[in-house]
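Reviewing the structure listed below.
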Amino acid sequence: MASASMTAAQRLGHMCADLSWERLPADVGRRAAELTLDHLGVAIRGSAEPSTGPVRAVVSGYLNADGASAIGVSSRLAPAAAALLNGTAAHAVELDDVTRESSLHPGVAVIPAALAIAEQRGATGRAFLEAVVAGYEVVIRVGNALNPASAYERGFHPTGVAGAFGAAAGAARLMRLDAAGIGRALGIAGTMASGSMEYLSDGSWTKRLNAGWAAHVGVMAAELAAAGFTGPASALEGRFGVLCAYTDAPRPHLLTEGLGESYQIARVAIKPYACCRYNHGLIDGTLKIRAEHDVDPLAVRRVRLGVLSAGAGLVADPIEQKRAPGNPVEAQFSAPFAAAIALVFGAAGAPEYRQRVIDDSRIRALMAVTDCYTSAELDALYPERWPAAVEIEMTDGRVYKARVEYALGEPENPLSGDALRRKFRELVGDRLPASETQRLEDAAVGLHDAPSVGHVADPLRMVHVG
């Protein structure tokens with residue numbers, strides 16, 4: 001039984017060990033299955049990205065007949081290797097789930113790790129979903145405590161840092177470690193947690209690796225804990241712990257505040273647009289103006305985008321760089337590009353984040369007349385809300401404005417079940433035969449009754465990535 005004298009890792013270990021499907025609210029279990037479905041679609045789509053190929057080439061040598069399925073690899077691999085590939089693929093198209101307060105992507109770390117161990121151990125679908133809920137609880141709480149705005153300032157990627165803990169928690173639970181064992185896994189994860197933001201300097205692929213690496217080391221931490229290796233119980237809040245090393249403004253009380261009273265997974269958003277979440281409100285606002293006023297992109301004089309200070313360094317600054325992205329990664333982190341494609345195409349999915357679109361003269365012209373600003377009014381609501389503002393001035397003097405409080409996909413403005421399934425099918429596309437796509441979709445939705453995760457994991461090896 002957890003007590004107030006325990007460290008945060010120890011208390012989180014008890015929470016993970018004690019969690020049971022029977023005591024979970026129905027909407028929490030359902031959300032775990034929905035997020036798994038969303039993750040699978042995003043990962044399969046990302047498996048064909050150029051950044052995923054080198055990872056696949058490296059991990060394909062780690063064969064293990066009793067291991068786990070990796071997307072596009074015909075043979076099973078060691079679970080840690082499968083988690084590395086699947087997690088990296090899932091973060092490649094910026095369509096993976098996201099949270100506001102922790103400003104991170106929980107699924108890309110937790111689900112690949114949990115699925116790899118569940119498959120290897122022959123766990124039931126329900127046991128897998130329990131592990132997903134536990135992993136999300138840990139990764140989001142660690143992210144909340146990091147204070148993401150401060151972690152960003154220090155140059156650390158919250159998904160990579162906090163993700164290692166969530167992945168370790170989910171994997172350790174599926175290995176049936178007790179509370180002390182899960183706590184040890186979290187302690188070990190503390191020395192493996194990492195993730196640099198320097199990819200912003202040139203649009204390189206390391207952000208995608210941060211997610212896969214978190215899943216990978218989470219499995220490794222759990223396996224080491226299961227083998228008897230020890231880690232510091234104070235890995236989170238200790239004198240040299242993560243909250244001291246990765247942030248200047250930690251909020252340690254958020255590691256355990258209200259633990260067991262509600263579930264963090266209920267606060268997770270699903271992304272409809274293939275870019276940084278800080279751009280989504282801007283896209284919604286631009287699409288609203290486009291639809292209501294039939295805006296001609298060629299008749300736009302100026303665009304002004306109101307962004308949160310916490311996200312400005314990701315999507316708005318330096319403005320000269322954000323107006324001229326050179327590759328898809330830079331485009332994913334450009335507010336001017338996000339608004340431009342919304343105006344020109346009325347869409348911001350994976351097809352819009354391609355080099356031919358980046359080079360489109362219409363997009364270049366709109367980005368050149370786009371400015372970004374921050375304001376105390378927007379920032380006052382952060383991180384509970386991520387508001388955004390859009391102002392478009394036309395050449396004839398007309399000015400259109402929109403403000404968005406909750407971007408599409410937030411719990412307060414959710415995607416419908418039909419929209420979620422449609423997103424899944426569109427992302428999988430022709431990567432699987434239509435019959436297999438339907439079976440995979442149904443298997444993910446029905447995981448709570450599945451005797452194993454095989455119907456979800458096996459199709460990953462059949463995915464066409466060429």
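The values are calculated or read from the model by the stated rules, or taken from the named source; none is laboratory data. The shown structure was predicted, so the numbers you read here are calculated from the model rather than taken from an experiment. Neighbour counts are summed over all protein chains in view; Cβ atoms, including those assigned to glycine, are modelled from backbone coordinates with ideal geometry. When the accessible area is computed, the model is the full protein with side chains, heavy atoms only, and any ligands, DNA or RNA have been set aside. Shrake-Rupley method; radii C 1.70, N 1.55, O 1.52, S 1.80 Å.
Taking each residue of region 102-127 that is under 25 Å from Y382 (Cα atoms) and part of a loop (DSSP other than H, G, I, E, B) and looking for partners that are of a type in the set (F, W, Y) and open to solvent by less than 10 Å² (accessible area, probe 1.4 Å) with beta-carbon atoms closer than 7 Å, six or more apart or interchain, yields P106/Y136.
Residue by residue, here is whether (1) open to solvent by less than 30 Å² (accessible area, probe 1.4 Å); (2) over 20 Å from the mean Cα position of the chain (by Cα); (3) in contact (Cβ under 8 Å) with a residue 12 or more places away in the chain holds:
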| position | (1), (2), (3) |
| --- | --- |
| G228 | no, yes, no |
| A235 | yes, yes, yes |
| Y246 | no, no, yes |
| A249 | no, yes, yes |
| T256 | yes, yes, yes |
| Y263 | no, no, yes |
| K288 | no, yes, yes |
| P297 | no, yes, yes |
| L305 | yes, yes, yes |
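The condition (being assigned to a helix (DSSP H, G or I), farther than 14 Å from A43 by Cβ and either in contact with a Phe, Trp or Tyr (Cβ under 7 Å, 6 or more places away or on another chain) or of a type outside the set (A, V, I, L, M) (or both)) is satisfied by just one residue among R461, R439: R439.
Screening A17, A9, A65 for residues that are open to solvent by less than 30 Å² (accessible area, probe 1.4 Å) and not in a loop (DSSP other than H, G, I, E, B) leaves exactly one candidate, A9.
Might you let me know whether region 33-46 holds any residue that is in a helix (DSSP H, G or I), free of Cβ contacts under 8 Å to residues at least 24 places away in the same chain and either touching a His at 6+ places or on another chain (Cβ under 6 Å) or surrounded by fewer than 24 Cβ atoms within 10 Å (Cβ to Cβ) (or both)? Break it down stepwise before answering.
Within region 33-46, the first condition is being in a helix (DSSP H, G or I), and the residues that meet it are 33-46.
Next, from what is left, pick out any that are free of Cβ contacts under 8 Å to residues at least 24 places away in the same chain: none.
No, the conditions are met nowhere in region 33-46.
All of L427, L432 fail the test of being assigned to a loop (DSSP other than H, G, I, E, B), closer than 30 Å to V445 by Cβ and at pLDDT 95 or above, apart from L432.
When T88, T52 are screened for being β-branched (V, I, T) and within 27 Å of L12 (Cα to Cα), only T88 passes. Residues that are under 15 Å from H39 (Cα atoms), under 10 Å from the mean Cα position of the chain (by Cα) and open to solvent by 10 Å² or more (accessible area, probe 1.4 Å) occur in region 101-113; there is at least one.
Of L35, L40, L104, all but one fail to be touching a Leu at 6+ places or on another chain (Cβ under 8 Å), under 21 Å from R277 (Cα atoms) and hydrophobic (A, V, I, L, M, F, W, C); the exception is L40.
Identify, please: which residue in region 82-101 is touching a strand residue (DSSP E or B) at 6+ places or on another chain (Cβ under 8 Å) and not in a loop (DSSP other than H, G, I, E, B) and is, among those, farthest from V456 (Cα to Cα)?
Residue satisfying both the conditions and the ranking: V98.
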